[in-house]
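The values are calculated or read from the model by the stated rules, or taken from the named source; none is laboratory data. Predicted model only: the values in this text are computed from it and were never measured. Glycine gets a Cβ as well: all are built from the backbone with ideal geometry, and neighbour counts include every protein chain shown.
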Protein chains: 2
Amino acid sequence: MYFIEKLIQLIKEKKSVVSMGLDPRMDREGQIPNYLINELNDPNKIITEFNKILMDNTFDLIPIVKPQIAFYEKYDALTALKDTIKYAHKKDLLVLLDSKRNDIGATSEAYAYSTFNVYKADACTLNAYFGIDGIKPYIEGYRQKGLFILVKTSNPSSRDFQDLYSVRLEKGSDINVELEKKSIKLERNYAQMAKLVQNWGRDLRQFSGFHGLGVVVGATFPQELKEIRKIVKNSFILIPGYGTQGAEALDVKYGFNDDGLGGLVNSSRGIMFAYNKNNNYPPEKFGIAAREEIIKMNANINKVIGI
Amino acid sequence: MYFIEKLIQLIKEKKSVVSMGLDPRMDREGQIPNYLINELNDPNKIITEFNKILMDNTFDLIPIVKPQIAFYEKYDALTALKDTIKYAHKKDLLVLLDSKRNDIGATSEAYAYSTFNVYKADACTLNAYFGIDGIKPYIEGYRQKGLFILVKTSNPSSRDFQDLYSVRLEKGSDINVELEKKSIKLERNYAQMAKLVQNWGRDLRQFSGFHGLGVVVGATFPQELKEIRKIVKNSFILIPGYGTQGAEALDVKYGFNDDGLGGLVNSSRGIMFAYNKNNNYPPEKFGIAAREEIIKMNANINKVIGI
């Protein structure tokens with residue numbers, strides 16, 4: 001079954017467009033509870049157990065989880081990543097590996113192989129600075145999988161490069177001549193990237209109007225989200241930045257079509273470490289606190305997008 | 001000791017600007033010799049042994065090696081990566097981990113931690129699509145390390161995005177008004193990225209005029225290399241694409257200053273699997289074939305850059 005088909009099915013079944021980030025932290029406030037760290041002692045065991053309890057408490061409420069591979073690399077805990085993904089599949093959750101890999105040729109093929117055959121994710125994030133050469137091994141070798149290309153990221157300095165005004169010129173055109181003729185229409189770099197994605201996805205198989213080549217747009221930029229939604233008509237948009245990064249339900253609205261499809265809203269710390277924000281829950285109840293947080297997120301978002 | 005200081009020292013001592021890529025492959029022509037694969041059977045052992053023999057045969061001729069992490073992930077062989085880096089340090093080789101990570105905040109910190117504290121590399125490659133938010137944790141947390149930001153990559157489709165003509169506007173400016181006033185000067189996206197790097201590196205400590213924030217520019221684009229050399233005055237340029245990707249010594253010339261400093265020329269397959277190209281060497285002699293190839297590369301490049 002194609003990732004995108006299954007995703008749409010789970011969204012409809014569970015009435016949820018929420019992705020739960022699984023970004024384990026063990027080194028500061030807002031982290032895996034100390035009782036687990038002290039009890040299990042081994043990073044692979046601690047992280048796997050923490051993630052399992054989170055999923056046990058939430059699998060019926062959400063279609064997908066998104067582990068951020070950086071944290072598993074940090075704690076030298078890629079076994080925990082593999083075990084987490086295996087467990088997610090047991091619970092009928094899809095897994096989007098957030099890894100933002102980017103390279104070309106055999107190297108890109110090697111990354112795709114590890115994403116889908118070693119870690120066994122269903123989808124991943126990608127950075128397309130290399131152009132189509134970096135994306136082709138994924139599109140061609142793993143048709144059924146999901147891919148989410150960075151377009152406009154949630155951080156303030158995404159403006160440094162993504163917000164430059166740019167133009168694509170035909171081969172052989174002279175930029176000065178074009179400027180003189182006033183035939184140039186400039187658009188932001190993120191919009192150019194979105195257009196590339198729309199173009200690359202043209203011939204991919206669609207389900208309910210969507211193919212597996214999606215994009216990433218931060219919830220912190222609602223106007224850009226609206227603009228990008230119109231460009232990538234056949235792409236799902238992964239929308240990070242909800243909760244801890246300050247965005248709310250109204251901000252993500254523009255990522256969705258009128259039928260409530262087209263977006264996935266991710267929250268990581270806001271869900272995983274909900275027990276820290278809410279004094280009603282001692283650390284031992286972090287799973288229940290996460291469940292409560294997702295129930296609230298589902299209600300707030302569904303009201304706005306109308307599912 | 002700072003990475004960049006040590007790098008310059010080793011370049012002068014060994015009279016070499018060559019980086020040997022360590023990208024193990026076990027699945028096709030041009031790969032780790034079968035006798036090693038059959039003898040050792042375990043990917044971690046096979047890759048570590050292959051890399052050790054390569055380094056034993058070449059450590060006196062080059063300043064640095066560049067393992068591409070994608071291949072270690074593919075074979076689930078991150079132990080081999082760690083062991084390779086440890087062995088390289090024993091042989092007084094610097095290690096540039098080619099991983100092109102990119103993210104923000106705590107995630108970026110986690111990647112930096114794994115790069116320098118788990119894998120223990122001396123330098124790494126980075127993708128700066130996120131802007132300064134993605135680079136800051138590296139610059140601030142790991143001052144002595146080396147960082148190489150993707151600017152113009154060696155692949156044909158680098159034109160898809162990196163070659164767009166773009167312009168940075170002051171906050172509050174209107175693009176149409178600016179176009180009307182003809183006050184706009186457009187530059188390629190790769191040049192904009194190079195300018196960001198030059199700006200971000202402004203206050204970093206320098207040795208012989210260079211700081212640790214470098215760039216990556218493909219040897220397959222000599223004119224762009226020349227242009228970028230002028231922008232990133234204080235950056236080393238990592239130049240991949242030599243050999244297998246078709247570039248030659250004359251193509252890399254523009255990456256260097258008149259004193260022969262400023263560039264690192266990487267070859268991976270061309271060195272590692274040199275035994276395949278040259279019938280004088282049976283598979284068992286792959287280390288000697290690699291040594292011969294590096295001697296040739298050093299001679300050809302040094303003649304052109306004048307060291």
Would you please name the residue that is surrounded by the most Cβ atoms within 10 Å (Cβ to Cβ), looking only at residues in the stretch A:91-135 that are hydroxyl-bearing (Ser, Thr, Tyr) and not in a helix (DSSP H, G or I)? A:125
Give the stretch B:191-226 a look and list any residue that's in a helix (DSSP H, G or I) and away from chain A (no Cβ under 14 Å), or say none. B:222, B:223, B:224, B:225, B:226
Give all pairs with beta carbons closer than 7 Å in which a residue from the stretch B:92-112 that is under 16 Å from residue A:67 (Cα atoms) meets a residue that is of a type in the set (A, V, I, L, M) and assigned to a helix (DSSP H, G or I); count only pairs at least 6 apart in sequence or on separate chains. B:103/A:70; B:107/A:70; B:110/A:70; B:111/A:70
Can you tell me which residue is surrounded by the fewest Cβ atoms within 10 Å (Cβ to Cβ) among those in the stretch A:155-198 that are among the aliphatic types (A, V, I, L, M) and under 25 Å from the mean Cα position of the chain (by Cα)? A:191
Exactly one of A:103, A:56 is more than 18 Å from the chain's Cα centre (by Cα) and under 30 Å from residue B:153 (Cα atoms), and that residue is A:103
I'd like to check something: does the stretch B:74-82 contain any residue that is in a helix (DSSP H, G or I), in contact with a Lys or Arg (Cβ under 8 Å, 6 or more places away or on another chain), within 14 Å of chain A (Cβ to nearest Cβ) and surrounded by fewer than 23 Cβ atoms within 10 Å (Cβ to Cβ)? yes
Would it be correct to say that residue A:182 is at pLDDT below 95, farther than 23 Å from residue A:254 by Cβ and not aliphatic (A, V, I, L, M)? yes
Filter result (more than 9 Å from chain B (Cβ to nearest Cβ) and either of a type in the set (Phe, Trp, Tyr) or in contact with a Lys or Arg (Cβ under 6 Å, 6 or more places away or on another chain) (or both)) within the stretch A:109-122: A:116
Given the criterion among the polar types (S, T, N, Q) and at pLDDT below 95, identify the matching residue among A:176, A:199, A:189. A:176
Give the number of residues within the stretch A:126-147 that are over 18 Å from residue A:189 (Cβ atoms) and either more than 7 Å from every other protein chain (Cβ to nearest Cβ) or within 17 Å of the chain's Cα centre (by Cα) (or both). 12
Report every pair of residues separated by at least 6 positions or lying on different chains whose Cβ atoms are under 9 Å apart, first residue within the stretch A:150-169 and more than 7 Å from chain B (Cβ to nearest Cβ), second of a type in the set (Ser, Thr, Tyr) and surrounded by fewer than 23 Cβ atoms within 10 Å (Cβ to Cβ). A:154/A:220
Given the conditions (1) touching an Asp or Glu at 6+ places or on another chain (Cβ under 7 Å); (2) assigned to a loop (DSSP other than H, G, I, E, B), and given that residue B:271 satisfies all but one, which numbered condition is not satisfied? (2)
Can you tell me which residues in the stretch A:170-190 are part of a helix (DSSP H, G or I) and within 11 Å of chain B (Cβ to nearest Cβ)? A:175, A:176, A:178, A:179, A:180, A:189, A:190
Residue that is modelled with the lowest pLDDT, among those in the stretch A:227-244 that are assigned to a loop (DSSP other than H, G, I, E, B) and in contact with a helix residue (DSSP H, G or I) (Cβ under 9 Å, 6 or more places away or on another chain): A:244
Which of the residues that make up the stretch B:61-73 are crowded, with 22+ Cβ neighbours inside 10 Å and more than 14 Å from chain A (Cβ to nearest Cβ)? B:62, B:63, B:64, B:65
Selection count, the stretch A:10-57, where residues are in contact with a strand residue (DSSP E or B) (Cβ under 6 Å, 6 or more places away or on another chain) and under 23 Å from residue A:303 (Cβ atoms): 5
Search result, residues across the stretch A:14-53 that are surrounded by fewer than 22 Cβ atoms within 10 Å (Cβ to Cβ) and of a type in the set (A, V, I, L, M, F, W, C): A:26, A:36, A:37, A:40, A:53
Would you confirm whether or not the stretch A:20-27 contains a residue that is away from every other protein chain (no Cβ under 14 Å) and not basic (Lys, Arg)? yes
Condition first: among the polar types (S, T, N, Q), within 15 Å of residue A:218 (Cβ to Cβ) and in a loop (DSSP other than H, G, I, E, B). Now tell me which residues in the stretch A:246-268 satisfy that. A:268
So which residues in the stretch A:274-307 are touching a residue at least 12 places away in the same chain (Cβ under 8 Å) and outside any helix (DSSP H, G or I)? A:278, A:306, A:307
Determine, yes or no, whether residue B:57 is in a helix (DSSP H, G or I) and without any contact (Cβ under 8 Å) to a residue 40 or more places away in the chain. no
Anything in the stretch A:128-141 that is touching a Gly at 6+ places or on another chain (Cβ under 8 Å) and either closer than 19 Å to residue A:21 by Cα or of a type in the set (D, E, K, R) (or both)? List them, or say none. A:133
